[in-house]
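Here the structure comes first, spelled out in structure tokens, and everything after it is commentary.
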Amino acid sequence: MDKYETVKIIAKGGFGTTILIKSKEDGQQYVIKEIFISRIITAERQKAQQEVEVLSKMSHPNIVQYKESFEEGDCLYIVMDYCEGGDLSKKIKSQKGKHFSEQQILDWFVQICLALKHIHDKNILHRDIKPKNIFLTKDGTVQLGDFGVARVLNSIEELATTGIGTPLYFSPEVCKNKPYNNKSDIWAVGCVLHEMCTLKPAVSILSVSCLLLYKLISGSYPPVSDHYSQELCSLLAQLLKHDPTQRPSVSIILDKPFLSCRTQKFLTSQGQSETLMISEEKTQKRLEEHKVPPTVSMERCKEATRGERRAMILEK
């Protein structure tokens, strides 16, 4: 810790502290997790080490960047980039009932999905996706963080059985203590999308137990405002399907027509043009299917909102 100075304590928990620090070497601010490994049982210590291992494998614009980790005294320290914009939970609360625009919601949602695709492609489940674990940088970029309960799977077909995470974002299969896979993360993303639209958790309860399970099974959620598009509402319904096999994969989500141009925009801006899920050939094919004039440029399509694309078609 000698090369860092403490700026302020961000949060304290049962097993450690999250601290905003400043590097004496480069002058940059970082977040450091101070985990008291001497106070925790072996299982929790392994969880802390697992977070280090998972973070060290992550390199993506929409995932909180790991810097380093080290042990000192009775503590394990994990140093990560600092997201000046705070977390999505605070952003939602700051709205004080004023709904986000659909454009803002979809921009955030696509970035969350890009981060999720990166970890799912590595056969990793996050298992604790929620607004408090989704952060915003100074320029508004979304970054997924807190991989403390993530699990690396041996294969995409492997099912996890340990019910850990945050109960309000548990999938029905987790609540029922059934095996689950990456579709459980998709459910949690659906809960986050619902919360961005309604400014309230999809499942809002005072006691998490049987009542939670009942609400999940009955499909009782606060309604989404009717000023959001039918495409958005339909997507939300797909993400919150009780049968996990009916939920779309993150790749299918990002390939949806009303999201694909936005997906392309973020991938291109992140310098990932060689690994685009939505290729220019696919985009061009969609343009042809919708009889969009050939004079419409690919760049315009990449930047277009849903309304603009509709207007392009009508220009024919």
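Taken together, the values in this text are just the output of simple stated rules run on the coordinates, not laboratory data. A quick note: this is a predicted structure, and the numbers were derived from the prediction, not measured. Note that we place each Cβ from the backbone using ideal geometry, even for glycine, and neighbour counts take in every protein chain shown.
Worth a mention:
- Among the lysines of the range 4-81, pairs at least eight places apart or on separate chains and with Cα atoms under 18 Å apart come to 14.
- Among 180-187, 50-57, the peptide with the highest mean count of other Cβ atoms within 10 Å heads the list, and the full ranking is 180-187, 50-57.
- Rounded FRET efficiency, nearest 0.05, which uses the C-beta distance separating D74 from K8 and R0 of 22 Å: 0.50
- Shape class for the range 4-81, computed from the alpha carbon gyration tensor (a ≥ b ≥ c): oblate, with a/c not under 1.5 and a/b at or below b/c.
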